[in-house]
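The values are calculated or read from the model by the stated rules, or taken from the named source; none is laboratory data. Since we're looking at a predicted model, the values are computed, not measured. Heads up, the Cβs are rebuilt from the backbone with ideal geometry, glycines too, and the neighbour counts pull from every protein chain shown. SASA here: full protein model, heavy atoms, side chains in, ligands and nucleic acids out. Shrake-Rupley method; radii C 1.70, N 1.55, O 1.52, S 1.80 Å.
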Amino acid sequence: GVVIGMHRILDRQIKRIFGENATISSEWVSFLELISDTYTHSDEDRELLNRSLDLSSKEFLENNHRLEEARKKVEDQAENLARQVDERTFELKERISELEDVRRAMTNLLEDLGEKQEALVRANTKEEALVRDLEKYKLAVDNTSDGVIITDPEGVVIYGNTAVEKSTGYTIEEAIGK
């Protein structure tokens, strides 16, 4: 008779080859049971492999999602950093322009002072005229509403006007030498 509990594929193959009501000899039954077991184990192995692939696929997708989020975060940080660099570069360019304006003004002022000094040298009362002009400049700087600080080459304060006292809260004596 037909082996009971035989794998469905093997059962279908036997019926196709030997017919629906085929009788199988007992010598073949053990052999067919081994083949049926092989089919069953193959199905089980395939099912395990499919589950393993499903898990690996899910894990891969999750890792891919995390990598994509990390990539976006890095891109956002790079864009933010680039924007900050652009903003700071713009600020620095503005500051450089302002400093160049101050340098030109100081150069003009120094040229004007140089011309004044030459005129005083030529004057009969060179020393008195120079003292008077310096007193006027000191008076103007002392009384200007803008804070003026003069430092030596090392950056040590050697002069400050009264506007510096008002804006910083430090007396001129406290600021000098700092």
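For the stretch 124-132, does any single residue satisfy the condition of being in contact (Cβ under 8 Å) with a residue 12 or more places away in the chain and in contact with an Asp or Glu (Cβ under 9 Å, 6 or more places away or on another chain)?
Filtering the stretch 124-132 down to residues in contact (Cβ under 8 Å) with a residue 12 or more places away in the chain leaves 130.
With in contact with an Asp or Glu (Cβ under 9 Å, 6 or more places away or on another chain) added as a condition, the list becomes none.
The answer is no, given that none of the residues of the stretch 124-132 is in contact (Cβ under 8 Å) with a residue 12 or more places away in the chain and in contact with an Asp or Glu (Cβ under 9 Å, 6 or more places away or on another chain).
Does Q84 satisfy the condition of being more than 24 Å from I150 (Cβ to Cβ), assigned to a helix (DSSP H, G or I) and not charged (D, E, K, R)? Walk me through it before giving the result.
Numbers: more than 24 Å from I150 (Cβ to Cβ): yes; assigned to a helix (DSSP H, G or I): yes; not charged (D, E, K, R): yes.
Yes: the conditions hold for Q84.
Restricting the first residue to the stretch 19-39 and requiring it to be farther than 16 Å from I9 by Cα, which pairs with a second residue that is at pLDDT 85 or above and open to solvent by 80 Å² or more (accessible area, probe 1.4 Å) meet a Cβ separation below 9 Å and a spacing of at least six or different chains?
Once the first residue is farther than 16 Å from I9 by Cα and sits in the stretch 19-39, its partners that are at pLDDT 85 or above and open to solvent by 80 Å² or more (accessible area, probe 1.4 Å) give I24/F18.
Counting only residues that are open to solvent by 100 Å² or more (accessible area, probe 1.4 Å) and aliphatic (A, V, I, L, M), which one in the stretch 6-47 is modelled with the lowest pLDDT?
Here is the first cut: in the stretch 6-47, the residues open to solvent by 100 Å² or more (accessible area, probe 1.4 Å) are 8, 12, 16-18, 20-21, 23, 27-28, 31, 34, 41, 46.
Narrowing further to those that are aliphatic (A, V, I, L, M): 17, 34.
On the way: I17: 88, L34: 92.
Among those residues, the one meeting the criterion is I17.
All but one of (1) within 41 Å of the chain's Cα centre (by Cα); (2) surrounded by 11 or more Cβ atoms within 10 Å (Cβ to Cβ) hold for T162, so report the exception by its number.
Only one criterion in (1) within 41 Å of the chain's Cα centre (by Cα); (2) surrounded by 11 or more Cβ atoms within 10 Å (Cβ to Cβ) is unmet by T162, namely (1).
Of these, I158, I96, I172, which one is modelled with pLDDT of 90 or more, β-branched (V, I, T) and in contact with a strand residue (DSSP E or B) (Cβ under 8 Å, 6 or more places away or on another chain)? Outline the logic, then answer.
On the way: I96 fails: in contact with a strand residue (DSSP E or B) (Cβ under 8 Å, 6 or more places away or on another chain); I172 fails: modelled with pLDDT of 90 or more.
Being modelled with pLDDT of 90 or more, β-branched (V, I, T) and in contact with a strand residue (DSSP E or B) (Cβ under 8 Å, 6 or more places away or on another chain) holds for just one of I158, I96, I172, which is I158.
If A123 passes every condition in (1) at pLDDT below 90; (2) open to solvent by 100 Å² or more (accessible area, probe 1.4 Å) but one, which one does it miss?
Single failed check for A123: (2).
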